[in-house]
Every structure is written in C-alpha cells, then in structure tokens.
Amino acid sequence: MSKVALVTGGSRGIGAAISKALKEAGYTVAANYAGNDDAAKAFTEETGIKTYKWSVADYDACAAGIAQVEAELGPIAVLVNNAGITRDAMFHKMTPQQWKEVIDTNLTGLFNMTHPVWTGMRDRKFGRIINISSINGQKGQAGQANYSAAKSGDLGFTKALAQEGARAGITVNAICPGYIGTEMVRAIDEKVLNERIIPQIPVGRLGEPDEIARCVLFLASDEAGFITGSTISANGGQYFV
C-alpha cells in the first residue's frame, strides 16, 4: 500500500508540480485547494489526483478535510504545507485585514494543517512534514511585511516542531524557494523580470516548479530520515544563509 501525501495549494503552481511528482514517485496524493474550482477540476482531469476544497486558515475545516482524506485514502504519512497568499502593500498603507489574511493562511495555516495529523504520525512512528516558506522569509522584502513575517514564522515552527517529532520518527523541514517560473511570476511585466529580478539571481534564470518538487521528494523519502529542522534554500544563489 502506497503512502498517502497531502499537498495544500496542491492544484496550481508549485503545489501542482509537487502533487504530480509525488504521484509519479508512487504516493497516493490528495491536493487541497481553497477557491478555484475550475483549476482544481482541470487538474484532477489531467492527473487523476483527487482534490479537496477547504481553507487552511480555518482549523475546523482543516480537521474535517483531513478526516475525509484519511477516510477515503488512508492515514497521511506526508504533509506538504504549500498553500500561501499575498496581500502586498507598503507598511504605511497596509491594512489590518491584509496583515491578518496573510498571517492566517501562511503561518496559522501550518498549525491548522499539522495539528490534526500529528497524533496519528506519532502513533505510527513515521511522518514527513515539509513546509514551503520563501526567500522573503529569510531576507525580508519591502511591501511584504505580512508575507515575510509569516514565512519567517514558518521557519521557527519548523525548527521547534522538528525537535518534538524527532524521537517519534517524524521529520519536519522547510524549503525556501526564490523566484520560480509559475504562472503568477511569469505574469510580471517582462521588462521588470528581465531588468530587475533575473539580474539578482546568480544562475541567471527563474527556477522551475519541478525543481522545488524534487526537493520535496527527497525530504519525503526514507533516505532523508536523518534530516530534520533543516531549510533548503532553492533560490539560484540569490540569497545565502
């Protein structure tokens, strides 16, 4: 019986690449999504991966959604906390709502998703929690005080929880992507991409979603059992930690 992997934000962008890679590696994959029904339907039709709709910002919805996934597919062995949103604004213009929405999804969402699977992983003496943070959680970014704070918080969450899970066979790690060639990033004005963003990246290009997915595959594997509390910086050399 294949291990079950749940990917939040798993039907689009980096999440879709992660879901596909896990399926190709032999996992039974469930992809969570928040709102785009058409994209989720198209993703399932293309890949055969089941999609489940709920907001990671809602604890009760997460608990119910996880219960449904486990009832239909089996106990979750791998959780990839990938779902995230942006509500960018310079701080003097940022509203409390913009702050709250990003913190609720990008930081509290990790608690909401991980807490319901934690006891089962402890009981089974195996688990893989992989948190998708960001280069901007490492270095900060103007106009993203909310996003940078949440993504930095993801790293603290990772390090603390790794210490709790280690003796129970659960690893907790993070990946910090840099600029990845998703639909959202490629929608940026071409001049801005070519003149302001890509020149900051030493390898001279955007990353690809599949490159992040391969990091996830490694961290999810049995071979990565000695790695926990760690962060993989996948940013083309743009920022060193």
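The values are calculated or read from the model by the stated rules, or taken from the named source; none is laboratory data. Keep in mind that this is a model prediction, so the values were computed, not measured. Cβ sites come from the backbone with ideal geometry, for glycine too, and all protein chains shown count toward neighbours.
Miscellaneous remarks
- Residue check, Ile85 within 29 Å of Val241 (Cα to Cα), of a type in the set (Val, Ile, Thr), surrounded by fewer than 20 Cβ atoms within 10 Å (Cβ to Cβ) and without any contact (Cβ under 8 Å) to a residue 40 or more places away in the chain: yes
- Residue in the stretch 115-122 that is exposed (fewer than 15 other Cβ atoms within 10 Å of the Cβ), modelled with pLDDT of 95 or more and either under 19 Å from the mean Cα position of the chain (by Cα) or more than 18 Å from Tyr33 (Cα to Cα) (or both) present: yes
- Some residue of the stretch 23-33 being surrounded by 15 or more Cβ atoms within 10 Å (Cβ to Cβ), over 25 Å from Ala234 (Cβ atoms) and either of a type outside the set (A, V, I, L, M) or modelled with pLDDT under 95 (or both): yes
- Members of the stretch 125-151 found to be in contact with a strand residue (DSSP E or B) (Cβ under 9 Å, 6 or more places away or on another chain) and either outside any helix (DSSP H, G or I) or at pLDDT below 95 (or both), listed by number: Lys125, Phe126, Gly127, Arg128, Ile129, Ile130, Asn131, Ile132, Ser133, Ser134
- If you go through the stretch 195-235 and pick out every residue that is assigned to a loop (DSSP other than H, G, I, E, B) and either farther than 15 Å from Ile14 by Cβ or free of Cβ contacts under 8 Å to residues at least 12 places away in the same chain (or both), you end up with 12.
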